Structure formats: structure tokens, C-alpha cells
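The values are calculated or read from the model by the stated rules, or taken from the named source; none is laboratory data. Owing to the predicted nature of the structure, the values given are computational and were not obtained by experimental measurement. For neighbour counting, all protein chains shown are included, and Cβ atoms are generated from backbone atoms with ideal geometry for every residue, glycine included. Surface areas here come from the heavy atoms of the whole protein model, side chains and all, with no ligands, DNA or RNA. Shrake-Rupley method; radii C 1.70, N 1.55, O 1.52, S 1.80 Å.
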Amino acid sequence: MPFAHLLLPLHPILLNIVSKRLYFISIMSDNQSIVGHKIKGIRESKNLSIEEISERSGLSAEQILSIENDQNLPSLGPLIKIARALGVRLGTFMDDNDALGPVVCRAEDRERNSSISFSNDATDARKHMEYHPLAQQKAGRHMEPFVIDINPEDTPDFQLSAHEGEEFIYVMNGEVEIVYGKDTYTLKEGDSIFYDSIVKHHVHGAPGKSAKILAVVYIPF
């Protein structure tokens, strides 16, 4: 899950007027939720223009518009920048109903319910990673846990990016590569890695191989 540098300090502002279920259902699958519609709803509720979000986030207006219209499958990096520009948590784009107590995510629900597809910073914007959020209903969370299905690519094409915080990855099955700074780590089933995500990095499947990983992302406010 690649990330880009954070440009603004995050001060979360949660607005009650924002619907908790503004999910756009992708034509790829009835169970794949794309966050563009929700980003647009939050932006409009704050009376912010695309140009203002572009200036705050460092992303181009064209990129933001394509994300909002679900024409571009973004990586997590641009989403973190947009979240900070909007003054909300990254998880706001994925939230369902807020719960103050423990949140249980059943395996059958995770596979059946909506997932979020990202292009994994690939230049062709194909769907390379499917994120299954594990804590959509937890209010005020500081960690984002996911089960991620990584689709095979013969020659992964990606860009390194970074963000404040930490990441933990555990390989459930398959084989993945983590490019971290100048080093590359290959992880197989049962392997794990924990790193400071301020260093430029990228996670993808080993060439020609699929994988399933558990990833926990911590982003400080």
C-alpha cells in the first residue's frame, strides 16, 4: 500500500451531515466499493472546490476529478493527501456505521461485503489490489487494518512513495516484494515485516504471483 508525503498536519473534522454510506458500486463487481463518490460528497459539504483541494494536497485538479468520478483507481497515497486536505481521517472514506466498542469482522462478511480496489500506483491504472477493510465500523480509529488481495503482474510497474507513520504486513499466502528505500525484501507465506513508512516504499506481488496479506497502517494525526 503505497503512500505519498503528507503536506498538511491532520486535524480531523467529522461532519454529521456527511452520509455514512456514500459508496459507489463499481461495475467490475457489485461488492467493490470505490471511494470517489464519498470524497466528492465530503468536499462539497465543506464548500471546497477541486482547485482548493488541489492546492492543499499537491495533487493535480485533473487527478482529483478523475478520482471523484471513479475514472482513476487511486493508490492509498493520494487518498491520504486528499484526507488531509479535507481535514478528515483516511478511514472516513471507508467508514460504515460508527461503533465505540469493539468491532468484530467475520471472515464471511469480509469476503462478501464491499472491497476497495486500487491501482497500486501502476501507470496503467488497472486493478492490482483489492483492500478488504477490517474496521469500517470503528469510530475514531488511528490504525487501518486490511486484508489485501494482490493480483499477479509479470512486470510490476510502480512508484515509491512515503507518509508519516508505521506499517505492519503479514503474508497469509503467496509471495510479495517490499521495496523499502534502496532495499527489496521478498516475503513468503508466514513472513512479516514492520517498518517506518516515512521511508519511500512500495508493496506488490512477486513477478507473476498473487498473494493475500494482512496489513495494518498507522497514520498519526
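Some notes on this structure:
- Enumeration of residues in the range 181-221 that are over 19 Å from Glu153 (Cβ atoms) and either among the polar types (S, T, N, Q) or outside any loop (DSSP other than H, G, I, E, B) (or both): Asp183, Ser192, Ile193, Phe194, Tyr195, Asp196, Ser197, Leu214, Val216, Val217, Tyr218
- Extreme residue, nearest to the chain's Cα centre (by Cα), among residues of the range 144-158 that are of a type in the set (Asp, Glu) and either farther than 23 Å from Lys81 by Cβ or surrounded by fewer than 19 Cβ atoms within 10 Å (Cβ to Cβ) (or both): Asp149
- Being at pLDDT 75 or above, small (Gly, Ala, Ser) and under 17 Å from the mean Cα position of the chain (by Cα) is a property that Ser119 lacks.
- Matching residues, the range 165-181, being among the charged types (D, E, K, R) and either modelled with pLDDT of 95 or more or surrounded by 18 or more Cβ atoms within 10 Å (Cβ to Cβ) (or both): Glu167, Glu175, Glu177
- Hits in the range 159-197 (condition: hydroxyl-bearing (Ser, Thr, Tyr) and within 20 Å of the chain's Cα centre (by Cα)): Ser161, Tyr170, Tyr180, Ser192, Tyr195, Ser197
- Those residues of the range 53-79 which are touching a helix residue (DSSP H, G or I) at 6+ places or on another chain (Cβ under 8 Å), farther than 16 Å from Lys38 by Cβ and not in a helix (DSSP H, G or I), in sequence order: Gly58, Leu59, Ser60
- Pick from the range 188-221, criterion basic (Lys, Arg) and open to solvent by 40 Å² or more (accessible area, probe 1.4 Å), ranking: nearest to Ala85 (Cα to Cα): Lys200
- Test for Ala135: is it modelled with pLDDT under 80, open to solvent by less than 40 Å² (accessible area, probe 1.4 Å) and either within 16 Å of Leu79 (Cβ to Cβ) or under 18 Å from the mean Cα position of the chain (by Cα) (or both): no
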